[in-house]
1. Convex hull over the Cα atoms of the range 38-144, averaged projected area in nm²?
2. Between VAL175 and GLU190, what length in nm is gained on full extension when 0.36 nm per residue of separation is reduced by their alpha carbon distance?
3. Which of rounded, prolate, oblate describes the range 155-238, given a ≥ b ≥ c as roots of the alpha-carbon gyration tensor eigenvalues and a/c under 1.5 marking rounded, otherwise prolate only if a/b is larger than b/c?
4. Using every pair of alpha-carbon atoms in the chain, split the distances into 10 Å bins beginning at 0 and state the percent of pairs per bin, rounded to integers.
5. Please give every one of the lysines within straight-line cross-link reach of LYS262, meaning a C-alpha to C-alpha distance under 25 Å, and leave out same-chain neighbours fewer than 8 residues apart.
6. If Rh is defined by the Kirkwood formula over all Cα pairs and Rg also comes from Cα, what ratio Rg/Rh do you get for the range 91-228?
7. At a 10 Å Cβ-Cβ cut-off, how would you order LEU54, LEU70, fewest neighbours first?
8. What ranking of LEU125, LEU239 emerges when the number of other C-beta atoms within 10 Å of each C-beta is taken as an exposure proxy, fewest first?
Amino acid sequence: MTNDGDGFEIIPGEHVERDWEWWSDFLQREYYGTPEEMSSWRAAAASIARDTGLAAGTRVLDLGSGCGELALQLAMRGADAVGVEQSASLVAYCTELARQREVQATFVAADMFAFEPDAPFDLVLSINTSFGYGTDAQNRGLIRKIGRWLKPGGIFYCDIISADCAEAFGSWNDVVAGGRFLVDNSYDAERRVMTSHPTWISPDERQIVTAVTPEVIQLYTRAGMEEMMREAGLEPQRLRRAMGRKFDQDDEQMLTTWIARKEIRR
């Protein structure tokens, strides 16, 4: 055995590299979509519904919908929800959940930067730092697209890690699918880039799974995000408390949540 200096013992075994199609499906099902997380998703949906005035028939787009639970929870409240997720296998899984729950939720396998809807939305969601996975040009272009996708008076609900107070999470671990999930996270303050290298060790310790490429997120300052929103015709408002969290958000914390409403032109 070896030790990485942070208390993680790396056990010799078969090393397997997986792409992010595999990692997205695995983590969203086995980590974010487990029964233990359901109360958090329900609280998030209740908070978003309250903050945005969600009503029956509200057309909602969830970008980077992951395990699908937020879209499903909002659909259970009467929304017409669409989730966009890059993992095709995860989309198939979420589609089956929607069928089982008999709710109006549709899931689309697509790159969010290439996605184009066939009708406008009342509400667009980008939560749990699902913004920032593209190049700077792609990220800025996505905000402009969201401005076009929203109906007049529609809302962009955005929850991100802000570059103003960002710092590395370091190395941490948890139990996932009976095995050990290890993450080595770093933050480059000059480039405003957060990088995470995931590893999963199977329960029998015979397989060590790593990612072909790390997860890389481009972060933005609060002022920078608000400038992009305004350029897209959206008027941002920072929330004091968001997504069912039990603490107030302020400028000293990494997380920032906005409601940005599209202008109604007369």
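1. Working: hull surface 26.1 nm².
About 6.5 nm², averaged over all directions.
2. Fully extending the segment from VAL175 to GLU190 adds 2.1 nm.
3. Values: a/c = 3.27, a/b = 2.41, b/c = 1.36.
In terms of gyration-tensor shape, prolate.
4. For the chain, the binned pair fractions read 7, 28, 36, 22, 6, 1, 0 percent.
5. By straight Cα distance, LYS262 reaches LYS145, LYS151.
6. Working: Rg = 18.0 Å, Rh = 17.6 Å.
Reported Rg/Rh (Cα atoms, Kirkwood Rh): 1.02.
7. In increasing order of surrounding Cβ atoms, one gets LEU54, LEU70.
8. Numbers: LEU125 26, LEU239 18.
By the 10 Å Cβ count, ascending, the order reads LEU239, LEU125.
Read the figures in this text as sums done on the coordinates, not as results from a lab. Since the structure is predicted, the reported quantities are computational estimates derived from the model, not experimental observations. When we count neighbours, we look across all protein chains shown, and the Cβ atoms used for this are built from the backbone with ideal geometry, even at glycine.
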